[in-house]
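Heads up: the structure comes next, in structure tokens.
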Amino acid sequence: MKLTDIPSVSSVLGRMESLSQMAKNPSALVSFPDMLEKEWNKQNGAKQTSETNPISNDSIQLPFPETAKSLEPTLSRLPKQTGDLIGTIESIAEAQGMDPNLVKAMVKAESGFKTKAVSPKGAMGLMQLMPETAESLGVKDPFDPEENITGGVKFLKGLMKEFKDPEKAIAAYNAGPGAVKRYKGIPPYEETKQYVSKVKRFYKDFSS
């Protein structure tokens, strides 16, 4: 019997090949189709009407201003299950040319590292992908950590390329790209402002 005949080994090799292809062809990952913007506008439309609610192949360096030191737990104090996800997040982020610490901060803000998280709106998994968004990103199982993170990072990378500004991209991930374009910056939604602030604090934690 060959190693590749073993299902688990074959699955791992398939994942490695997928990540390898991402690294070889990053240009294929930075597309930002109109269907994603339409989905994010649809996802946040009701809340926004009431005024609530990138990049080169080199890892981004976020020009965030200094913020007060967060009281959130540092990486060394994270639960073991969370620690097990760190390697996956870092590998996928690096394969797509993204800053791993930013992706970790986004995952923490979106789901608290809960792979089975589901929001009241139906957003799923670690990076809280809506069903239509997941499908458009090629994510077949939103609760699979690798698939979810790969899709979420692909979407975030498209936002970084679209806005060329970390804070605007983070805001667009929460409020939708249409809102960021409309307000020419972070929308005046309290939820979005708090979300951006939270991601920045988490980013500083993971970077320290």
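The values are calculated or read from the model by the stated rules, or taken from the named source; none is laboratory data. Computed from a predicted structure; not experimentally measured. Don't worry about glycine lacking a Cβ; one is built from the backbone with ideal geometry, like all the others, and counts go over all protein chains shown. The accessibility values were calculated without ligands, DNA or RNA, using every heavy atom of the protein model including side chains. Shrake-Rupley method; radii C 1.70, N 1.55, O 1.52, S 1.80 Å.
Residues in region 193-206 that are over 22 Å from P131 (Cβ atoms) and either open to solvent by less than 60 Å² (accessible area, probe 1.4 Å) or part of a loop (DSSP other than H, G, I, E, B) (or both): V196, S197, V199, K200, F202, Y203, D205, F206.
On the basis of being modelled with pLDDT of 95 or more and either in contact with a Ser or Thr (Cβ under 8 Å, 6 or more places away or on another chain) or at positive phi (or both), does E90 make the cut?
So E90 fails the test.
Considering every residue within region 115-136, establish whether at least one is acidic (D, E), open to solvent by 10 Å² or more (accessible area, probe 1.4 Å) and over 25 Å from D205 (Cβ atoms). Checked against the condition, which is being acidic (D, E), open to solvent by 10 Å² or more (accessible area, probe 1.4 Å) and over 25 Å from D205 (Cβ atoms), region 115-136 yields at least one hit. T133 meets the conditions (1) at pLDDT 95 or above; (2) within 14 Å of the chain's Cα centre (by Cα); (3) closer than 25 Å to G97 by Cβ in every case but one. The failed one is (1).
Yes or no: G178 open to solvent by less than 20 Å² (accessible area, probe 1.4 Å) and part of a helix (DSSP H, G or I)? Walk me through how you get there before you give the answer.
Numbers: open to solvent by less than 20 Å² (accessible area, probe 1.4 Å): yes; part of a helix (DSSP H, G or I): yes.
Considered against the rule, which asks whether it is open to solvent by less than 20 Å² (accessible area, probe 1.4 Å) and part of a helix (DSSP H, G or I), G178 comes out as yes.
Of the residues making up region 161-171, at least one is surrounded by 23 or more Cβ atoms within 10 Å (Cβ to Cβ), within 13 Å of the chain's Cα centre (by Cα) and within 22 Å of K114 (Cβ to Cβ). I'd like to check something: does region 78-99 contain any residue that is crowded, with 20+ Cβ neighbours inside 10 Å and under 19 Å from V196 (Cα atoms)? For region 78-99, residues crowded, with 20+ Cβ neighbours inside 10 Å and under 19 Å from V196 (Cα atoms): present.
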